[in-house]
Amino acid sequence: MPPETALYGAWIALVLYAVFGGSRQIVVGASSAIAVMSAGIVATYAPADTGQFIALSTALALMAGAVAIGAGLLRLGRITQFFSESVLIGFVSGLALVIAIKQVPKLFGLEAGEGNFWQRLYDLIIHLPETHLLTLAMGAASLALLLFIERRYHRFPAALAALVFGIVVSTLLGLAGKGVHVVGAIPAGLAVPQLPDVTWQDLLHLVPGAMGITLVIFAEGIGPMRSFAGKYRYPVDANQELIGLGMSNAGAGLFQSFAVGVSLSRSGANDSAGARSQVSGLVAAAITVVVALFLTPLFTNLPEATLAAIVVVAVARMFKWQSIRDLYRVRRSDFVLAMVALLGVLTFQEVLTGLLVAVIVSLL
């Protein structure tokens with residue numbers, strides 16, 4: 001999909017989740033796991049970089065939204081009873097590590113490897129001698145700035161400061177011409193709502209994929225949702241969350257974007273910035289519209305290493321090391337479940353497989 005389609009779907013997904021969802025810190029948008037699933041499903045029926053690929057991707061988002069809304073209305077959120085607290089602790093921690101390992105190579109100016117967490121880690125280690133020093137310096141400076149601001153000035157948006165820092169330094173020093181990977185040009189503008197040009201036969205082919213994506217979206221989201229709800233002591237209704245996530249995907253598909261999910265890194269950044277209600281999502285949506293219409297040229301020189309630093313710092317907070325340690329001390333069986341979920345996510349390339357393994361072990 002063209003990169004600007006992420007902006008097309010981001011603002012409407014944020015608005016619809018704020019209206020229909022219940023979590024106060026969760027941010028919906030482009031998700032690496034959901035994007036990979038969507039691409040894999042659609043690639044079976046259309047080649048990439050074609051109008052048909054785009055049409056099927058938007059149709060898949062609409063269908064996943066419809067499935068999630070239907071599941072919520074039928075009150076199928078009860079499936080969360082199979083996701084025990086210890087399983088979700090391991091699942092969320094595993095997701096944090098998976099997201100981080102995809103970003104760390106950018107800090108070194110390296111291409112990310114393929115496969116599961118362990119394969120990506122091995123690929124990173126063997127290619128460390130190829131590190132681009134200027135990129136590493138930029139990434140390290142961005143990390144240092146983020147950690148300094150978060151430690152000394154808790155209420156200041158550290159991620160925003162890092163973005164501005166990265167853009168200014170990159171522009172002044174001409175880092176793009178010195179081998180530092182930057183975001184590059186992103187077309188400005190927003191898409192208008194439009195139904196995809198697909199046939200009924202196309203929709204039938206996409207039904208299994210839409211159901212699978214819905215399950216992964218829900219599985220990815222319910223852990224962080226419960227985590228934030230527990231942290232700030234407010235209730236979360238699984239059925240309402242299904243409806244909120246479904247409306248977000250339906251909106252993204254209608255505005256010519258691809259399937260979206262819960263972003264663990266952006267939700268962590270949202271929480272650290274002080275978000276305490278869905279108003280943060282509405283503010284983010286409004287800013288996204290302004291960015292999409294007028295500010296995309298500003299991001300041309302943004303180093304990818306700076307973006308990677310922001311993501312790594314955000315997801316680091318989502319690794320539940322304290323909770324895992326407490327489980328080890330209090331109840332070894334729950335600790336084992338958490339580790340099965342964590343290792344399952346790290347070992348299986350499909351995150352849903354890792355979660356299902358942990359759920360099966362929990363049931364046994």
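The values are calculated or read from the model by the stated rules, or taken from the named source; none is laboratory data. Values in this document were obtained by computation on a predicted structure and should not be read as measured data. Backbone-built Cβ (ideal geometry, glycine too); neighbour counts: all protein chains shown. All accessible areas refer to the heavy atoms of the entire protein, side chains included, with ligands and DNA or RNA removed. Shrake-Rupley method; radii C 1.70, N 1.55, O 1.52, S 1.80 Å.
Asp237 versus Ala39, label points 7 Å from Cα toward the beta carbon: distance in nm?
3.7
For Lys320, give me every one of the lysines with a C-alpha distance below 23 angstrom, ignoring sequence neighbours fewer than eight places off in its own chain.
Leaving aside lysines fewer than 8 places away in the same chain, those within reach of Lys320 are Lys102, Lys231.
What residue among Val182, Val19, Ala48 has its Cα farthest toward the positive end of the dipole of the chain, where the charges are +1 on Lys, Arg and -1 on Asp, Glu, each on the Cβ?
Val19
Using all Cα-Cα distances in segment 125-281, what percent lands in each 10 angstrom bin from 0 up to the longest?
Result returned by the calculation: 8, 24, 27, 27, 13, 1.
How do Ile126, Ile41 rank by accessible surface area computed with a 1.4 Å probe, from largest to smallest?
Descending order: Ile126, Ile41.
Taking segment 296-361 on its own, what percent of its Cα-Cα pair distances exceed 14 Å? Can you show the working numbers first?
Numbers: 1488 of 2145 pairs.
Cα-Cα pairs in segment 296-361 separated by more than 14 Å: 69 percent.
Quick one, could you list the DSSP H helices from the chain stretching 15 Å or more along their long axis (Cα atoms) with average Kyte-Doolittle hydropathy of 1.6 or above? Don't jump to the answer; show the numbers that get you there.
Numbers: long enough: 5-20 (23 Å, 1.86); 32-43 (16 Å, 2.04); 51-73 (33 Å, 1.70); 85-107 (33 Å, 1.44); 133-152 (28 Å, 1.43); 158-173 (22 Å, 2.52); 200-232 (46 Å, 0.63); 238-254 (24 Å, 0.40); 279-290 (17 Å, 2.38); 304-316 (18 Å, 2.30); 332-347 (22 Å, 1.64); 351-363 (19 Å, 2.80).
Qualifying helices, which must be both long enough and hydrophobic enough, are 5-20, 32-43, 51-73, 158-173, 279-290, 304-316, 332-347, 351-363.
Relative contact order for the chain using alpha-carbon pairs under 8 Å, separation at least 6, rounded to a whole percent?
On the way: 657 pairs, mean separation 150.0, N = 364.
Value for the chain: 41 percent.
Calculate I(q)/I(0) for segment 224-316 by the Debye formula, one identical point scatterer on each C-alpha and no solvent, and give its log10 at q = 0.10 Å⁻¹ to two decimals.
-0.34
P(r) for segment 191-273, please, calculated from all Cα pair distances in 5 Å bins and given in %.
Pair shares across the bins are 3, 12, 19, 22, 18, 12, 7, 5, 2, 0.
Looking at Tyr328, Ala250, Pro224, which one has the Cα that reaches farthest to the positive end of the dipole of segment 214-353 (charges on Cβ: Lys, Arg +1; Asp, Glu -1)?
Most positive-ward Cα: Tyr328.
Carbon and sulfur: what percent of the chain's accessible surface (1.4 Å probe)?
Taking all protein chains in place, the chain shows 67 percent carbon and sulfur surface.
How long are the semi-axes of the equivalent ellipsoid of segment 282-321, defined as square roots of 5 times the Cα gyration tensor eigenvalues? Whole Å, largest first.
So the equivalent ellipsoid measures 26, 16, 4 Å along its semi-axes.
Leaving out ligands and nucleic acids, note down the accessible area per residue over segment 29-120 with a 1.4 angstrom probe, in whole Å². Please report the intermediate quantities before stating the final value.
Details: 3740 Å² over 92 residues.
Spelled out: the 1.4 Å probe surface of segment 29-120, per residue, equals 41 Å².
Which aspartates and glutamates, on any chain, are close to Lys178 with Cα under 18 Å apart, when same-chain ones fewer than 8 places away are left out?
Glu111, Glu130, Glu304
Give the accessible area for His127 in Å² (nearest 10); use a 1.4 Å probe, count only protein heavy atoms, and leave out ligands, DNA and RNA.
So the heavy atoms of His127 present about 60 Å² to solvent.
In segment 131-220, what trypsin sites (Lys or Arg not before Pro) fall in a loop by DSSP, with at most 11 other Cβ atoms inside 10 Å?
Of the trypsin sites (Lys or Arg not before Pro), the ones in loops of segment 131-220 whose Cβ has at most 11 other Cβ atoms within 10 Å are Arg155.
When the helices in the chain are scored as -39500 (n - 2.57) per DSSP H run of 4 or longer and the sum is shared across all residues, what 222 nm value do you end up with, to the nearest 500 deg cm²/dmol?
Result for the chain, helices only: -22000 deg cm²/dmol.
Expressed as cubic angstrom per residue, what is the convex hull volume of the alpha carbon set of segment 1-81?
Numbers: hull volume 9.5 nm³, N = 81.
About 118 Å³ per residue, rounded to a whole number.
Determine the equivalent ellipsoid of segment 15-59 by diagonalising the alpha-carbon gyration tensor, then write out the semi-axes as square roots of 5 times the eigenvalues, largest first, rounded to whole Å.
They are 28, 11, 7 Å, listed from largest to smallest.
Would you mind computing the Rg to Rh ratio of segment 59-171 from its alpha-carbon coordinates, Kirkwood style for Rh?
We get a ratio of 1.11 for segment 59-171.
Report the relative contact order of segment 104-185, percent, no decimals, based on alpha-carbon pairs under 8 angstrom and at least 6 residues apart.
Answer for segment 104-185 is 27 percent.
For segment 73-120 and segment 323-346, what is the separation of their C-alpha centers, rounded to whole Å?
Segment 73-120 and segment 323-346 have Cα centres spaced 15 Å from each other.
Describe numerically, in nm with one decimal, the distance between label points set 7 Å from Cα along Cα→Cβ at Trp321 and at Ile79.
Calculated label separation equals 3.4 nm.
Taking the Cα centre of the chain as origin, sum charge times position over the Cβ atoms of Lys and Arg (+1) and Asp and Glu (-1), and report the length of that vector in debye to the nearest 20.
1360
Please get the size of the charge dipole for segment 1-150, origin at its Cα centre, with Cβ charges of +1 on Lys and Arg and -1 on Asp and Glu, quoted in debye to the nearest 20.
520
For the chain, what Kirkwood radius comes out of the mean inverse Cα-Cα distance, in Å?
On the way: mean 1/r = 0.0477 Å⁻¹.
Averaging 1/r across every pair of different Cα atoms and inverting gives 21.0 Å.
Ranked from highest to lowest mean number of other Cβ atoms within 10 Å per residue, what is the order of the peptides 184-196, 314-326, 94-106?
Averaged packing, sorted descending, gives the order 94-106, 314-326, 184-196.
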